[in-house]
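Engineer: I'd like to ask you about the structure that follows.
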Amino acid sequence: MANREIFSKLIKSNVKLSTRYDAEGREVQVERREDSDATIKEQETFDILIKAGYYRACIKGLSAFDKVVGGMTWCIECMCDYDIDIDLLFHENLTIGQKIALVEKIVAVLPQMKCPYHIEPHQIQGLEFLCIHPVIQWLVKKSVENREERNLRLKKFAVGQFHNHYQYKSDKKNLEKMRIASNYIKRIQQIYTPIRHYQCKDFSIEDEKTRVQMTLLEYDGTLANHVSEENSANDENISSSQELKCEKLLKNLFLINEEDQNRFSQKLDTTLRTALKKHYREFQQEMQIDAKELTEQNQLAALETVKSALQRKVERNQADLQDLLQSLQEQEKLAEKDVAQQKKLEAQIEEYKNVEAGVKTELVSEVQTLLTQHDDLKKEESEFKEHCRKDLAELQQQIEELEAFTCQSPEEREAAIFAEKERIRTLKLQLAKRNRGIVAIQRQLDNIPDRTELAQYQRRFHELYNEMSVKHLETKQYYTFYNTLNDKKRYMEKELSLLNSICEAYNEGMMSSHGREEFIKQFETIVHGVKQTETKVRAKYNEEKRRRDMLTEELQGLIELQRQYATAVKQLTRECQRCEQLQQHLKSIRKK
């Protein structure tokens with residue numbers, strides 16, 4: 001004790017003793033230097049964990065080691081996308097060995113997560129926040145990014161599931177309309193698909209109108225009939241020459257079957273190919289001529305449009321130019337006036353400077369002071385006049401009230417005075433009542449503890465509970481120690497009494513052979529009794545040991561069950577949050 005006091009005097013102000021655990025789990029006191037940078041990093045580390053959502057770091061009853069290890073475990077659990085074959089679960093009832101093993105697991109996991117910072121287990125146990133802070137910062141950043149990515153994935157999955165299982169009424173109606181319309185379109189296309197029934201014998205016809213009629217007759221005679229019907233509607237008298245021409249065209253065609261149609265699409269004779277090539281060249285030349293004419297016409301139209309736009313722009317710019325010229329002339333006139341006024345002011349300033357140069361500086365400063373005083377006096381005079389006007393108005397009002405009061409009869413004056421006194425008394429009573437109510441409410445508010453006091457009460461109750469539990473454990477240990485010593489004393493007394501009786505019986509029994517036999521029998525009886533006692537104690541010891549093993553197994557099972565419960569609660573919380581998000585999304589979709 002004296003050595004501790006001697007060495008404690010040599011410890012500097014920034015060195016404190018703190019309790020740590022060695023490799024065997026024993027408490028030892030080590031020196032801990034207070035570093036301002038480490039303190040700042042510690043607070044920043046806890047602030048980062050709180051902002052990230054780890055609110056256990058706000059609890060003041062927890063140690064810094066529990067906050068750091070719990071925060072790192074929480075961050076690693078949030079980053080569950082990494083393929084890490086390890087079980088990290090932190091809770092407050094971990095033993096020293098379990099905490100050390102958990103720290104070693106965390107340090108082993110960090111390189112697998114590609115953490116850019118290196119940290120050792122002893123740095124976490126020693127609370128070296130200069131090394132812990134960047135690791136915590138990186139873990140929090142990764143956990144936040146991972147949570148955001150997970151939220152996006154869940155949102156996309158929920159939207160996809162919704163579109164897979166649900167549809168809006170408008171979408172269903174549109175799909176049904178499109179399906180019905182597509183069926184009708186297919187039927188119409190099947191009905192009105194052109195089918196070639198005839199083939200031309202002579203492809204040397206150059207008349208365009210004749211080729212058109214031949215083509216219509218080739219694909220369907222009904223088209224020609226339809227055209228003839230429309231023409232008959234316009235002109236009922238068809239000439240015989242047109243009928244002869246139609247018959248002549250029909251003679252130039254021959255009927256083909258389905259096999260000829262398929263073969264015609266694959267094989268063409270030389271004459272047909274030559275005619276088609278010639279027709280294609282003529283058609284291409286016509287298209288080029290038409291395209292050139294159309295391009296020239298488009299260019300002319302574009303040039304006309306640009307010309308009209310430029311003319312409108314020129315007219316608009318000319319109008320703007322006239323406005324600007326007028327404004328410029330006005331500005332020049334104003335500038336001339338300003339220049340003349342400036343010259344006049346400069347002349348006056350020069351005159352004043354000449355006058356000031358001829359006057360003494362003391363006189364000038366005195367005049368300036370007098371001018372300032374004059375301005376202040378004018379301001380005070382105006383304020384005084386305003387104040388006098390207000391006082392005069394108040395005095396006139398009081399005089400009028402007194403004149404009206406003096407004009408009254410004595411009975412009316414007494415009644416007015418009495419009424420005024422009653423009004424004042426009533427106001428005083430109301431004021432006293434209001435003050436009593438305020439005082440009562442203030443006392444009630446004082447009786448209610450605020451958050452700070454409640455926190456102090458809670459912290460004090462927690463400390464008292466911890467002290468009571470420690471004292472109870474200490475008292476229990478004292479009782480156990482006392483019972484052990486008492487049993488030891490009782491067995492030693494029995495041993496002494498047995499030894500004394502053996503010594504007394506030995507001296508008496510050695511005198512004769514009969515006494516020797518009696519002594520041997522008594523000694524055997526004593527040995528048998530001692531063995532029975534030893535057997536009972538041994539059985540009791542084995543029973544207590546078996547009970548201890550059973551309780552240890554039960555404790556391990558409960559710890560494992562608690563771990564499973566914690567995992568299940570965590571999964572249930574995630575599913576509940578996911579369900580709430582989906583319900584909110586579904587409500588928002590229904591509102592839309």
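The values are calculated or read from the model by the stated rules, or taken from the named source; none is laboratory data. These numbers come from a predicted model, not from an experiment. Every residue, glycine as well, gets a Cβ built from its backbone with ideal geometry; the counts of neighbours run over all protein chains shown.
Engineer: With within 30 Å of LEU402 (Cα to Cα) and assigned to a helix (DSSP H, G or I) as the only criterion, which of LYS433, LYS428 stands out?
Structural biologist: Working: LYS433 fails: within 30 Å of LEU402 (Cα to Cα).
Only one candidate qualifies: LYS428.
Engineer: Is there a residue in the range 511-526 that is surrounded by 10 or more Cβ atoms within 10 Å (Cβ to Cβ), among the polar types (S, T, N, Q) and closer than 30 Å to GLU544 by Cα?
Structural biologist: There is at least one residue in the range 511-526 that is surrounded by 10 or more Cβ atoms within 10 Å (Cβ to Cβ), among the polar types (S, T, N, Q) and closer than 30 Å to GLU544 by Cα.
Engineer: Is the range 458-473 home to any residue that is part of a helix (DSSP H, G or I), over 46 Å from the mean Cα position of the chain (by Cα), surrounded by 10 or more Cβ atoms within 10 Å (Cβ to Cβ) and of a type outside the set (Lys, Arg)? Walk me through it before giving the result.
Structural biologist: So in the range 458-473, the residues part of a helix (DSSP H, G or I) come out as 458-473.
This time we only want the ones that are over 46 Å from the mean Cα position of the chain (by Cα), so: 471-473.
Then keep just the ones that are surrounded by 10 or more Cβ atoms within 10 Å (Cβ to Cβ); that gives 471-473.
Filter once more, keeping what is of a type outside the set (Lys, Arg): 472-473.
Within the range 458-473, one or more residues are part of a helix (DSSP H, G or I), over 46 Å from the mean Cα position of the chain (by Cα), surrounded by 10 or more Cβ atoms within 10 Å (Cβ to Cβ) and of a type outside the set (Lys, Arg).
Engineer: Kindly check whether there is at least one residue in the range 144-163 that is buried (at least 16 other Cβ atoms within 10 Å of the Cβ), at pLDDT below 80 and assigned by TED's automatic domain parsing to the domain that holds GLY53.
Structural biologist: Checked the range 144-163: no residue is buried (at least 16 other Cβ atoms within 10 Å of the Cβ), at pLDDT below 80 and assigned by TED's automatic domain parsing to the domain that holds GLY53.
Engineer: A further question on this structure: For the range 301-322, give me the residue count where each residue is of a type outside the set (A, V, I, L, M) and within 58 Å of the chain's Cα centre (by Cα).
Structural biologist: First, pick out the residues of the range 301-322 that are of a type outside the set (A, V, I, L, M): 304-305, 307-308, 311-313, 315-318, 320, 322.
If we keep only those that are within 58 Å of the chain's Cα centre (by Cα) too, we end up with 305, 312-313, 316-317, 320.
Total meeting the criteria: 6.
Engineer: Continuing with this model, one more query. Residue by residue through the range 112-148, note down the ones that are part of a helix (DSSP H, G or I), touching an Asp or Glu at 6+ places or on another chain (Cβ under 8 Å) and in contact (Cβ under 8 Å) with a residue 60 or more places away in the chain.
Structural biologist: Hits for the range 112-148 are PHE129, LEU130, HIS133, ASN146.
Engineer: May I ask you to verify whether ILE448 is farther than 30 Å from GLY515 by Cβ, exposed (fewer than 10 other Cβ atoms within 10 Å of the Cβ), β-branched (Val, Ile, Thr) and out of contact with any His (no Cβ under 9 Å at 6 or more places or on another chain)? If you could, list the steps in order and put the result at the bottom.
Structural biologist: Working: farther than 30 Å from GLY515 by Cβ: yes; exposed (fewer than 10 other Cβ atoms within 10 Å of the Cβ): yes; β-branched (Val, Ile, Thr): yes; out of contact with any His (no Cβ under 9 Å at 6 or more places or on another chain): yes.
Taking the combined requirement at face value, the residue satisfies it.
Engineer: Only residues in the range 437-454 that are within 30 Å of LYS60 (Cα to Cα) count as the first member; pair them with residues that are polar (S, T, N, Q) and at pLDDT below 90, Cβ under 9 angstrom, at least 6 apart or cross-chain, and list the lot.
Structural biologist: Partner pairs satisfying both residue conditions: PRO449/GLN456.
Engineer: Looking at this structure, is GLU380 part of a helix (DSSP H, G or I), more than 30 Å from ARG211 (Cβ to Cβ), modelled with pLDDT of 90 or more and of a type in the set (D, E, K, R)?
Structural biologist: On the way: part of a helix (DSSP H, G or I): yes; more than 30 Å from ARG211 (Cβ to Cβ): yes; modelled with pLDDT of 90 or more: yes; of a type in the set (D, E, K, R): yes.
Yes; evaluated as a whole, the condition is true for this residue.
Engineer: May I pose another question? What residue, among those in the range 61-112 that are modelled with pLDDT of 70 or more and of a type in the set (D, E, K, R), is farthest from LEU130 (Cα to Cα)?
Structural biologist: Going through the qualifying residues, I end up with GLU77.
Engineer: When you look at LYS186, is it at pLDDT 75 or above and surrounded by 11 or more Cβ atoms within 10 Å (Cβ to Cβ), yes or no? Give the derivation first.
Structural biologist: Details: at pLDDT 75 or above: yes; surrounded by 11 or more Cβ atoms within 10 Å (Cβ to Cβ): no.
No.
Engineer: Next up: Hey, any hits in the range 520-531 for a residue that's modelled with pLDDT of 90 or more and either more than 26 Å from LYS60 (Cβ to Cβ) or in contact with a helix residue (DSSP H, G or I) (Cβ under 9 Å, 6 or more places away or on another chain) (or both)? Explain how you work it out, then say what you get.
Structural biologist: To start, the set of residues in the range 520-531 that are modelled with pLDDT of 90 or more comprises none.
No, every residue in the range 520-531 fails to be modelled with pLDDT of 90 or more and either more than 26 Å from LYS60 (Cβ to Cβ) or in contact with a helix residue (DSSP H, G or I) (Cβ under 9 Å, 6 or more places away or on another chain) (or both).
Engineer: Quick check on LEU402: is it at pLDDT below 80, surrounded by 10 or more Cβ atoms within 10 Å (Cβ to Cβ) and not small (Gly, Ala, Ser)?
Structural biologist: In short, yes.
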